[in-house]
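Every number here is computed from the coordinates shown, using simple stated rules; none is lab data. Bear in mind the structure is a predicted one, so any value in this text is a computation, not a measurement. Here the Cβ positions follow ideal geometry from the backbone for every residue, glycine too, while neighbour counts run over all protein chains shown.
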Amino acid sequence: MSFLSQLPYSAQTVLLLIASNVFMTFAWYGHLKNMATAPWYMAAVVSWGIALFEYLLQVPGNRIGFQQAGFTVAQLKIVQEVITLSVFVPFATVYMNEPFKLDYLWAGLCLVGAVYFIFRGG
């Protein structure tokens, strides 16, 4: 039995979506650093290859979240947006060497509001 299968369904969902988002972020933006001089179509092919791994994690993550954890599609989307920002900020600052911006904090606070509204009852 795997470590992941021993966790609650909501945790499985979040962990799979975090892992898929790491792949997604590298697929979308990694080529800007690693393949800056390569033709765009070569970067696209490499990005597609990376994105395959994103989908291999994202699809089961969303299915577990929807079917077993009981998340709605809207809740899954907002969880994904929170994860996206949580993965993107370290990627941009550490990997891409961009300066941290206070706007990341403000965007995160907006997402806190989105989480509140999408998960509140009623």
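Run TYR95 past the list (1) hydroxyl-bearing (Ser, Thr, Tyr); (2) surrounded by 11 or more Cβ atoms within 10 Å (Cβ to Cβ); (3) free of Cβ contacts under 8 Å to residues at least 40 places away in the same chain and report the number of the one that doesn't hold.
Going through the list (1) hydroxyl-bearing (Ser, Thr, Tyr); (2) surrounded by 11 or more Cβ atoms within 10 Å (Cβ to Cβ); (3) free of Cβ contacts under 8 Å to residues at least 40 places away in the same chain, TYR95 breaks only (3).
So VAL73 passes all but one of these: (1) farther than 18 Å from GLN12 by Cα; (2) of a type in the set (Val, Ile, Thr); (3) over 13 Å from the mean Cα position of the chain (by Cα). Which condition number does it fail?
Going through (1) farther than 18 Å from GLN12 by Cα; (2) of a type in the set (Val, Ile, Thr); (3) over 13 Å from the mean Cα position of the chain (by Cα) one by one, VAL73 breaks only (1).
Out of the residues in segment 66-115 meeting the condition of being outside any helix (DSSP H, G or I) and among the aromatic types (Phe, Trp, Tyr), tell me which one is farthest from LEU17 (Cα to Cα). Talk me through it step by step, then tell me what you get.
In the first step, residues of segment 66-115 are kept if they are outside any helix (DSSP H, G or I); the result is 69-72, 96-101.
Subsequent filtering for residues that are among the aromatic types (Phe, Trp, Tyr) retains 71, 100.
On the way: PHE71: 13, PHE100: 24 Å.
For segment 66-115, the residue satisfying everything is PHE100.
Condition test on LEU52, is it surrounded by 16 or more Cβ atoms within 10 Å (Cβ to Cβ), within 26 Å of LEU4 (Cβ to Cβ) and either more than 19 Å from the chain's Cα centre (by Cα) or of a type in the set (A, V, I, L, M) (or both)? So that I can check it myself, show each step before the final result.
Values: surrounded by 16 or more Cβ atoms within 10 Å (Cβ to Cβ): no; within 26 Å of LEU4 (Cβ to Cβ): yes; either more than 19 Å from the chain's Cα centre (by Cα) or of a type in the set (A, V, I, L, M) (or both): yes.
No: the conditions fail for LEU52.
Kindly indicate the residue of segment 19-43 that is under 17 Å from the mean Cα position of the chain (by Cα) and of a type in the set (Val, Ile, Thr) and also surrounded by the most Cβ atoms within 10 Å (Cβ to Cβ) among those meeting that condition. Let's see the steps before the verdict.
So in segment 19-43, the residues under 17 Å from the mean Cα position of the chain (by Cα) come out as 19-30.
Now restrict to residues that are of a type in the set (Val, Ile, Thr): 22, 25.
Working: VAL22: 18, THR25: 20.
My answer is THR25.
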